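Trainee: Structure provided below as structure tokens; questions to follow.
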Amino acid sequence: MANPWTGEVALTIDEERHVLKLTLGALAELEKELGAGSLVELVQRFEGGAYSSGDVLALIVAGLRGGGAKVTRSDLLSAEIEGGPMAGACAAAELLARAFMVPEQV
């Protein structure tokens, strides 16, 4: 089960449930791959709805790697995401949001 308090997001790909997480290493790799000047720029793309399918794919790959999967971008080019492209986009946006979420103080 994905733990939202640790930044995890669940996504079913090719009928297999995966837990995605953006670690610091995955975020650095993502920033480089997307040519984003900063992570804030990437977050703004998603908040403004100006993200591309390539952004979504890169976030999912980074999240899978952060979750421990050994995947490449090409591994996902023909993968079937349960719920379709919009489910993938929602998972990608959720990954970004959870990566920068500050837990409420108890």
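Trainee: How high is the relative contact order of the chain? Use alpha-carbon pairs under 8 Å, at least six apart in sequence, and give a whole percent. If you can, show how the numbers build up before the last one.
Mentor: Details: 132 pairs, mean separation 40.8, N = 106.
Relative contact order comes out at 38 percent.
Trainee: Nothing charged except the Cβ atoms of Lys and Arg (+1) and of Asp and Glu (-1): what's the magnitude of the dipole of the chain about its Cα centre? Round to the nearest 20 debye. Before the final figure, lay out the partial values.
Mentor: Details: 8 positive and 15 negative charges, 49 e Å.
Taking the Cα centre of the chain as origin, the dipole is about 240 debye.
Trainee: So which residue, out of GLY88, GLY35, GLY66, gets the largest mean-square fluctuation from a GNM of the chain using Cα contacts under 10 Å as springs?
Mentor: GLY35
Trainee: Taking θ as phi - 60°, what are the ³J(HN,Hα) couplings along segment 83-94 by the Karplus curve (6.51, -1.76, 1.60), each to the nearest whole Hz, with x for Gly and Pro?
Mentor: Result, ordered by residue: x, x, x, 5, 5, x, 5, 5, 5, 4, 5, 5 Hz.
Trainee: Moving on to the next point. Once a ≥ b ≥ c are taken as the square roots of the eigenvalues of the Cα gyration tensor of segment 4-99, is the result rounded (a/c under 1.5), prolate (a/b larger than b/c) or oblate (a/b not larger than b/c)? Numbers along the way, then the final one.
Mentor: Values: a/c = 1.40, a/b = 1.29, b/c = 1.08.
In terms of gyration-tensor shape, rounded.
Trainee: To continue, here is another question. Hey, if you put +1 on the Cβ of every Lys and Arg and -1 on every Asp and Glu Cβ in the chain, which of VAL56, GLY88, ALA26 ends up farthest toward the positive end of that dipole?
Mentor: ALA26
Read the figures in this text as sums done on the coordinates, not as results from a lab. None of the values given here were measured: they were computed from a predicted structure. Positions of Cβ are generated from backbone atoms using ideal geometry, with glycine treated the same way; all protein chains shown enter the neighbour counts.
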